[in-house]
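Okay, structure first, notes after.
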């Protein structure tokens, strides 16, 4: 469940502006602020079922954007690569040829994949 | 004109899969293969005006996606940063603390912006 929440927040970070403002509003309350369906329904003056339907449609839309564009996946690869290079550059003292070559290889991979 | 073409190809690289297959087809012929409107019309058995209309709608859609998501812009920033770090790591011999710190700063900036 937690993993699904994190994934949905990532999807919303990328594609959220393509959702309707109502979908964005309810997604924020549910996934980012961790409100329950009933709490959202009460606060927004609607039914629990209506909230559920809006969220379900929003989730499906976000998943379809990711299936087509794959940008969240791409971003995760870039992120991992950047962290690896950053870690290589962490040491004190001068950086030897081996590490430099390793860092350059990771950077090339990122540039080819983005 | 050339600049517009490059920009459109970038937009299509990111958001192309959100267009209809017809829009994608005509965009490829016009922007990537450099066919004229008349050539496309003749080859696809339609009118020059119809081709123009499809392209216009596709361009507008791509621009709207970029206005909402801004991923092409974001990508350009990342790309520039990666190239800077790559250039810093180009030298032969060991890499000194100054360059390492410069590279780490650029990487931090990228990671904060993506």
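Throughout, read-outs are computed from the coordinates displayed, never taken from laboratory work. The shown structure was predicted, so the numbers you read here are calculated from the model rather than taken from an experiment. Note that we place each Cβ from the backbone using ideal geometry, even for glycine, and neighbour counts take in every protein chain shown.
The table that follows gives values for the structure above.
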quantity: Gained length - residue A:80 relative to residue A:6, 0.36 nm times residue gap less alpha-carbon distance; calculated: 25.0 nm
quantity: Tilt relative to chain B, helix B:97-113 - C-alpha long axis, 0 to 90 degrees, to 10; calculated: 40 degrees
quantity: Residue-averaged beta-carbon neighbours from other chains (10 angstrom radius) around B:94-103; calculated: 5
quantity: Computed [θ] at 222 nm, helices only, for chain B once each DSSP H run of length n ≥ 4 contributes -39500 (n - 2.57); calculated: -24000 deg cm²/dmol
quantity: Chain A: angle of helix A:71-88 to the longest principal axis, Cα-based, in degrees nearest 10; calculated: 40 degrees
quantity: Candidates A:29, A:11, A:95: whichever shows maximal mean-square fluctuation once chain A is modelled as a Gaussian network with Cα springs under 10 Å; calculated: A:95
quantity: Length added when fully stretched, residue B:109-residue B:50, from 0.36 nm per residue minus Cα-Cα; calculated: 16.7 nm
quantity: Mean projection area, nm², convex hull over Cα of segment A:1-77; calculated: 4.9 nm²
quantity: Overall form of the protein assembly as shown per C-alpha gyration tensor (a/c, 1.5; a/b vs b/c); calculated: oblate
quantity: 7 Å along Cα→Cβ, label-point gaps from residue A:39 to other copies, nm, shortest first; calculated: 6.0
quantity: Whole-Å distance, taken between Cα centres, linking segment A:96-114 and segment B:48-72; calculated: 35 Å
quantity: Average partner coverage of A:79-86, which counts Cβ from other chains inside 10 Å; calculated: 4
quantity: Inter-label distance for residue A:94 and residue A:24, nm, one decimal - labels placed 7 Å from Cα along Cα-to-Cβ; calculated: 5.2 nm
